[in-house]
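Trainee: One structure follows; several queries about it will come next.
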Amino acid sequence: MQRRAKKAVTAVAVVFLVVNAFLSFRWPEDLSYDPTEVSRRLAGRARAHTPKERVINEIIKQGIRPGDPKYRRLIRARLGRLAHRNEKAQSQRKTMMTLRKSKNIWFRSDKAQQAELNEKHAKLRELHLNTHAQKRMLNLNNSELDLEDLEPLSVCGRPTMIGTPSDLALLKEYNEENTCPGANSNKLLLLQDLGSNRGLYGRLGNNLIELLHAMQYARDNDVQLGIMSGSWAFGVLLKMWMSIEDNDWEAQFEKAFCVKIFNSQEEVQDYDLIFPTLTNTLDFTKQLFSYMSQRSLESYVGDQTKYLQTLYQNYNTGSGITESGEPVRDMCSGIKALFGNEKNVIYSAIHQRTLEEAGKQLLGRVSQFSGCDPEAALHMAPDYVKSILKPLGLLDYPIVLITDGQDFTVLQRLLNDPEIGPKLRLVPEEDTWVGGDITLAVMSNVFIGNPASTFSGFIAKSRLALGFGHSYLFRAKDENGDWHTVCGDTCIFDKNVMKSMA
């Protein structure tokens, strides 16, 4: 009996406290009974310490008072949107942290070489930070113009991982006084149109390799690199980089790429031309494509990343013209078409290329030297893609497919996959072009490509030059059937793996 009485007293006390709390609770709507508080909020004198208070201030400034039926609904709706936005931002931060922690640029599977590379990276980072600290101290009282070199390099509004446009190349230290090759040489590697057969060796991916190999040949052999005005080399470069915008363009171009521009055959008469026996453009570009530098892998990556960084410091934005007077296209068009002006969007990019009948043969050859699967990168099966994206949390974000469209079943399989399909994106046809596709893939958070495609290879090289990891080209299954990367980021530059495609 006594126990029951105690329970009854406790129950009454609880009910009393709940009712009293309810009667004394002051909902935001009750502000209608405090005209002074409403006036303070309208005048902006009421400080908002919490998101809820900021929302209340905004709603009141819109003329909606606490007694209005819409008042509570608007508060809940806006707080809900804020919560969703915060949740999304936290998820993005978590994903970016995962990507940063798992980034690992490495040399094949050589542990000793990897340890040496890590040590070099640490020294470069330390040197980079010290140099920047000194520059900031020296330029503290100078104009913003003096601080221009301290701005991080960004492409299409998305930051790269290299500190400044004049930053060190990834694996090799360069200094500002580094002279152009051939300064004291009379030998000239001239990129020009030759003979009646002016076709180039291969498509754009090959042509870009030919240009990069020409720059490398000039440096390896200390000869002058020249470009004849109106030649194939200008056609490849100016479509995407270094469009003509002012009268000083020629001098800027020569300085940026360590080349000399020639406007007539008379200007080259006093030079000793390299490869004088090649009489048509097809054979000449094939010779450049086949060139393999004898420099160490470390030095070669350093040279090539320097050239690639120069390209992305001068990418076309739709302003200016080509040498033939045509308007240039915007290298950011693909990113803008899919994501508008949102700069911090997280996405992955897949480049799928069947490579016609030669696809299996090309990938099979790369597989022999890299250890990658001889067919997986051709088909981009859902399980292959998910083995990369799922551990990184990237299945929750857009997945952009860049494809030659030759094998429609690849797109169909990805669309039908319940995890990939809802996130798959294609650039609208009117916005699709090679320059926009390249930038879209280069600036992605994760890139999945085909190592037998020179187009994929150029994207992977560009990403490494800009300091990005998470380029997945060389994958194979282990004895347990799990997919793993079997050849490091620098394999795409390694002539022992890629041969002339390096």
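The values are calculated or read from the model by the stated rules, or taken from the named source; none is laboratory data. Source: prediction; values computed, not measured. Heads up, the Cβs are rebuilt from the backbone with ideal geometry, glycines too, and the neighbour counts pull from every protein chain shown. Heads up: the accessible areas ignore ligands, DNA and RNA and are worked out on the full protein's heavy atoms, side chains in. Shrake-Rupley method; radii C 1.70, N 1.55, O 1.52, S 1.80 Å.
A quick yes/no check of all residues on (1) touching a helix residue (DSSP H, G or I) at 6+ places or on another chain (Cβ under 7 Å); (2) open to solvent by 60 Å² or more (accessible area, probe 1.4 Å); (3) among the β-branched types (Val, Ile, Thr); (4) modelled with pLDDT of 95 or more:
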| residue | (1), (2), (3), (4) |
| --- | --- |
| 234 | no, no, no, no |
| 245 | no, yes, no, no |
| 248 | no, yes, no, no |
| 256 | yes, no, no, no |
| 262 | yes, no, no, yes |
| 269 | no, yes, no, no |
| 273 | no, yes, no, yes |
| 285 | yes, no, yes, yes |
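Trainee: To continue, here is another question. If you go through the range 334-361 one residue at a time, how many are surrounded by 18 or more Cβ atoms within 10 Å (Cβ to Cβ) and at pLDDT below 90?
Mentor: Summing the residues that are surrounded by 18 or more Cβ atoms within 10 Å (Cβ to Cβ) and at pLDDT below 90 in the range 334-361 gives 4.
A quick yes/no check of all residues on (1) assigned to a strand (DSSP E or B); (2) more than 19 Å from residue 240 (Cα to Cα); (3) open to solvent by 10 Å² or more (accessible area, probe 1.4 Å):
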site	(1), (2), (3)
390	no, yes, yes
395	no, yes, yes
412	no, yes, yes
436	no, no, no
447	yes, yes, no
450	no, yes, no
457	no, no, no
468	no, yes, yes
480	no, yes, yes
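Trainee: Does any residue of the range 215-222 turn out to be among the basic types (Lys, Arg), surrounded by 15 or more Cβ atoms within 10 Å (Cβ to Cβ) and part of a helix (DSSP H, G or I)?
Mentor: yes
Trainee: Could you please let me know if residue 330 is in contact (Cβ under 8 Å) with a residue 12 or more places away in the chain, out of contact with any helix residue (DSSP H, G or I) (no Cβ under 9 Å at 6 or more places or on another chain) and open to solvent by 20 Å² or more (accessible area, probe 1.4 Å)?
Mentor: no
Trainee: Checking residue 289 against (1) outside any helix (DSSP H, G or I); (2) at pLDDT 95 or above; (3) of a type outside the set (Ser, Thr, Tyr), which single condition isn't satisfied?
Mentor: All conditions are met except number (1).
Trainee: Could I ask something else about it? Of the residues that sit in the range 304-319 and are out of contact with any helix residue (DSSP H, G or I) (no Cβ under 6 Å at 6 or more places or on another chain) and not polar (S, T, N, Q), which one is nearest to residue 330 (Cα to Cα)?
Mentor: Restricting to residues being out of contact with any helix residue (DSSP H, G or I) (no Cβ under 6 Å at 6 or more places or on another chain) and not polar (S, T, N, Q), the top hit is 318.
Trainee: With 188, 225, 211, 200 as the choices, which residue is at pLDDT 85 or above, surrounded by 15 or more Cβ atoms within 10 Å (Cβ to Cβ) and assigned to a helix (DSSP H, G or I)?
Mentor: Criteria check complete, one pass: 211.
Trainee: If I ask for residues that are within 14 Å of the chain's Cα centre (by Cα), at pLDDT 90 or above and not aromatic (Phe, Trp, Tyr), which ones from the range 467-502 would you list?
Mentor: Answer for the range 467-502, where residues must be within 14 Å of the chain's Cα centre (by Cα), at pLDDT 90 or above and not aromatic (Phe, Trp, Tyr): 470, 471.
Trainee: Give the residue, chosen from 438, 399, 448, 388, that is among the aliphatic types (A, V, I, L, M) and without any contact (Cβ under 8 Å) to a residue 60 or more places away in the chain.
Mentor: The unique qualifying residue is 399.
Trainee: Follow-up question, since we're still on this one. Scanning the range 425-434 for residues that are farther than 20 Å from residue 415 by Cα and assigned to a helix (DSSP H, G or I), which turns out modelled with the highest pLDDT?
Mentor: The qualifying residue modelled with the highest pLDDT is 434.
Trainee: Okay, moving on. Could you list, in sequence order, all residues of the range 403-430 that are acidic (Asp, Glu), in contact (Cβ under 8 Å) with a residue 12 or more places away in the chain and more than 24 Å from residue 457 (Cβ to Cβ)?
Mentor: Answer for the range 403-430, where residues must be acidic (Asp, Glu), in contact (Cβ under 8 Å) with a residue 12 or more places away in the chain and more than 24 Å from residue 457 (Cβ to Cβ): 417, 419.
Trainee: Sort out which residues of the range 276-286 are touching a residue at least 24 places away in the same chain (Cβ under 8 Å) and in a loop (DSSP other than H, G, I, E, B), and write them in order of number.
Mentor: Selection gives 278, 279, 280.
Trainee: Sticking with this one: Hey, any hits in the range 315-322 for a residue that's touching a Lys or Arg at 6+ places or on another chain (Cβ under 7 Å), within 23 Å of residue 452 (Cα to Cα) and either modelled with pLDDT under 90 or surrounded by 15 or more Cβ atoms within 10 Å (Cβ to Cβ) (or both)?
Mentor: Looking through the range 315-322, none of the residues is touching a Lys or Arg at 6+ places or on another chain (Cβ under 7 Å), within 23 Å of residue 452 (Cα to Cα) and either modelled with pLDDT under 90 or surrounded by 15 or more Cβ atoms within 10 Å (Cβ to Cβ) (or both).
Trainee: Quick check, is residue 443 under 23 Å from residue 291 (Cα atoms) and of a type in the set (A, V, I, L, M)?
Mentor: Here the answer is no, as residue 443 does not meet what is asked.
Trainee: On to the next question. Could you pull out the residue among 361, 352, 368 that is free of Cβ contacts under 8 Å to residues at least 40 places away in the same chain, polar (S, T, N, Q) and under 24 Å from residue 482 (Cβ atoms)?
Mentor: Going through 361, 352, 368 in turn, just one is free of Cβ contacts under 8 Å to residues at least 40 places away in the same chain, polar (S, T, N, Q) and under 24 Å from residue 482 (Cβ atoms): 368.
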